[in-house]
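Have a look at the structure below, then the notes.
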Amino acid sequence: MKRFPVLAVALMAAVACGKQESMPQLTERVFKLASVQLPWQSSQLDDTHIGRTFEGDTLVTTGITYWVSGFLPGSLWLTYEYTGDEAVKQAAWKETRKLQNLVSRKTHHDIGFQLMCSYGNAYRLTGDTTCLSILRAGADKLAGRFDTNIGLIKSWDNDKWNYPVIIDNMMNLELLTEYGDKDVAIAHARKTAVEHFRDDYTTFHLVDYAADGSVIKKQTVQGAEDGSAWARGQAWGLYGYTMMARETGLPEFREQAEKIAGMLLPRLPEDGIPYWDFSRVGEERDASAGAIMASAFIELAGLTRDSVLSKECRQMAEKQLRTLASPEYLAEAGTNGGFLLKHSVGHKPGNSEVDVPVTYADYYFLEALLRYRN
Ligand code: GLY
């Protein structure tokens, strides 16, 4: 990738003067970068692929059925929301429309992530009603994965397990609460709160169920150990219950989110960005988990009735955003394959995407900045 002139000049000037950059200045700087990086990445992609990561100087792409396919369109929509730039909007539509046939393909639970970030943001920002049939069809498809005996949506169709449900699945429920069967979302969130969470409010990654709804096994896939706290899994839990509290107004989900926040806040490192697993202090950080948590902490700060927790959540989110916007984590324009953030961990036990950019880190970073501003 060609290098662009350094956009971090404003930051360096502020630091040189000994003045802390304001959050509006920081936000402006990041969205200016996003306006360069994300359209460039889009320009490198064909009609059936989306950017996934950047490794060995190569932009690694993936087909549209892979779970991350909604994040580039989503990041472009968020950048358009901030900048109002028509060229960014065109790129956002281009990337969104790649997913228009997703509902007629064989899918998995992640259709929630895929459609809410792309078509959900497109509808929210443009009001284009052609998005609605796709969002509703996707929600029906997701609800079709719910088994009434088990009381949960099945995450993966995979012979390794009988009926696997991963904590990540909490994120897909917003497609149901907005465009489908809210009761299915509520049932899924209720049973997940009972079976996934430990007494200290850390969560298992995967719970496998028998046909009668009883638990076969609780384990990890992407974390360090079955009993450890995989950082992104904790982030999905915090975000998922905060979102369900907003979408349903039910106190039980707000309380679950508050307990998860209460577990996380004292365990996060000084700069706010978690190690990839809470049991692996000193190993790689996971910027994606930091960005997801920041976005969730800001929303929870506005929902909780506990004023101390509210303040702590907002302070932690600001710390996380400042760290992510520092040169340690934020790429320079023209580098990093068109991604914004460096240093995420996809699947360390599988030796896949370790200490690299990932497209979902960028999405939740931009969302967190918009939420902080609002
Ligand atoms: N949802 C998959 C992951 O968080 O890696």
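The values are calculated or read from the model by the stated rules, or taken from the named source; none is laboratory data. Here the structure is a predicted model, which is why all the values come from computation and not from measurement. Every residue, glycine among them, receives a Cβ derived from its backbone with ideal geometry; neighbour counts consider all protein chains shown.
Take the residues in the stretch 212-235 that are crowded, with 24+ Cβ neighbours inside 10 Å and out of contact with any His (no Cβ under 8 Å at 6 or more places or on another chain), then tell me which one is farthest from ARG280 (Cα to Cα).
Top of the filtered list is ALA235.
Small (Gly, Ala, Ser) and farther than 19 Å from LEU340 by Cβ: does that describe SER307?
Yes, satisfied.
Which residue out of ALA224, ALA231, ALA193 is closer than 21 Å to ILE298 by Cβ and under 22 Å from the mean Cα position of the chain (by Cα)?
After ruling out the rest, the residue left standing is ALA231.
Does LEU72 count as over 17 Å from the mean Cα position of the chain (by Cα), buried (at least 20 other Cβ atoms within 10 Å of the Cβ) and within 30 Å of ASP355 (Cβ to Cβ)?
No; evaluated as a whole, the condition is false for this residue.
Starting from the stretch 324-353, keep only residues that are of a type in the set (Val, Ile, Thr), then list their pairs with residues that are surrounded by fewer than 18 Cβ atoms within 10 Å (Cβ to Cβ) and in a loop (DSSP other than H, G, I, E, B) whose Cβ atoms are within a distance under 9 Å, requiring at least 6 positions of separation or different chains.
Pairs that qualify, where the first residue is of a type in the set (Val, Ile, Thr) and the partner is surrounded by fewer than 18 Cβ atoms within 10 Å (Cβ to Cβ) and in a loop (DSSP other than H, G, I, E, B), are THR335/MET1; THR335/ARG3; THR335/PHE4; VAL345/GLU283; VAL345/GLU284.
Could you grab me the full set of residues in the stretch 206-241 that are within 24 Å of SER310 (Cβ to Cβ), among the hydrophobic types (A, V, I, L, M, F, W, C) and not in a loop (DSSP other than H, G, I, E, B)?
ALA231, ALA235, TRP236, LEU238
With respect to ILE150, determine if the residue is of a type in the set (A, V, I, L, M), surrounded by fewer than 22 Cβ atoms within 10 Å (Cβ to Cβ) and in a helix (DSSP H, G or I).
No, not satisfied.
State which residue pairs qualify: first residue part of a loop (DSSP other than H, G, I, E, B) and inside the stretch 157-169, second residue within 14 Å of the ligand (Cβ to nearest atom) and aliphatic (A, V, I, L, M) in any location, beta carbons under 8 Å apart, and separation of 6 or more residues or different chains.
Taking only residues 6 or more apart or on different chains, the pairs are TRP161/LEU206.
From the list THR203, THR148, pick out the single residue that is modelled with pLDDT of 95 or more and touching a His at 6+ places or on another chain (Cβ under 6 Å).
Exactly one residue qualifies, and that residue is THR203.
List, please: which pairs have Cβ atoms under 7 Å, are six or more places apart or on different chains, and start with a residue in the stretch 110-139 that is acidic (Asp, Glu) and end with one that is more than 16 Å from the ligand (Cβ to nearest atom)?
That search, which allows pairs on different chains as well, returns ASP128/ALA122.
Looking at GLU21, GLU28, GLU81, can you tell me which residue is over 22 Å from SER288 (Cβ atoms), at pLDDT 95 or above and within 24 Å of the chain's Cα centre (by Cα)?
GLU28
Does the stretch 242-254 contain any residue that is outside any helix (DSSP H, G or I) and in contact (Cβ under 8 Å) with a residue 40 or more places away in the chain?
Within the stretch 242-254, one or more residues are outside any helix (DSSP H, G or I) and in contact (Cβ under 8 Å) with a residue 40 or more places away in the chain.
Hey, among GLY282, GLY290, GLY334, GLY350, which residue is under 25 Å from MET243 (Cβ atoms) and of a type outside the set (Lys, Arg)?
GLY290
Are any residues in the stretch 48-64 under 17 Å from GLY337 (Cβ atoms) and either assigned to a strand (DSSP E or B) or within 15 Å of the ligand (Cβ to nearest atom) (or both), and if so, which ones?
Those that are under 17 Å from GLY337 (Cβ atoms) and either assigned to a strand (DSSP E or B) or within 15 Å of the ligand (Cβ to nearest atom) (or both): HIS49, ILE50, GLY51, ARG52, THR53, PHE54, GLU55, THR58, LEU59, VAL60, THR61, THR62.
Checking TYR201 against (1) within 18 Å of the chain's Cα centre (by Cα); (2) within 19 Å of GLU299 (Cβ to Cβ), which test does it fail?
(1)
Give the residues of the stretch 156-190 that are within 16 Å of the ligand (Cβ to nearest atom) and closer than 22 Å to GLU252 by Cβ, sorted by residue number.
VAL165, ILE166, ILE167, ASP168, ASN169, MET170, MET171, ASN172, LEU173, GLU174, LEU175, HIS188
For the stretch 238-285, how many residues meet the condition of being under 25 Å from ASP355 (Cβ atoms) and of a type in the set (Gly, Ala, Ser)?
3
The conditions are (1) in contact with a strand residue (DSSP E or B) (Cβ under 7 Å, 6 or more places away or on another chain); (2) at pLDDT 95 or above; (3) assigned to a loop (DSSP other than H, G, I, E, B), and HIS109 fails exactly one of them. Which is it?
Looking at each condition in turn, HIS109 falls short on (2).
Do the conditions hold for GLY350, that is, is it touching a Ser or Thr at 6+ places or on another chain (Cβ under 6 Å) and closer than 24 Å to ARG280 by Cβ?
The answer is no for GLY350.
Let's see how each residue does on (1) closer than 23 Å to TYR363 by Cβ; (2) of a type outside the set (A, V, I, L, M):
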site	(1), (2)
LEU238	yes, no
ARG246	yes, yes
ASP306	no, yes
GLU312	no, yes
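How many residues are away from the ligand (no atom under 16 Å from the Cβ) and without any contact (Cβ under 8 Å) to a residue 60 or more places away in the chain if we restrict to the stretch 65-109?
Residues flagged as away from the ligand (no atom under 16 Å from the Cβ) and without any contact (Cβ under 8 Å) to a residue 60 or more places away in the chain within the stretch 65-109 amount to 28.
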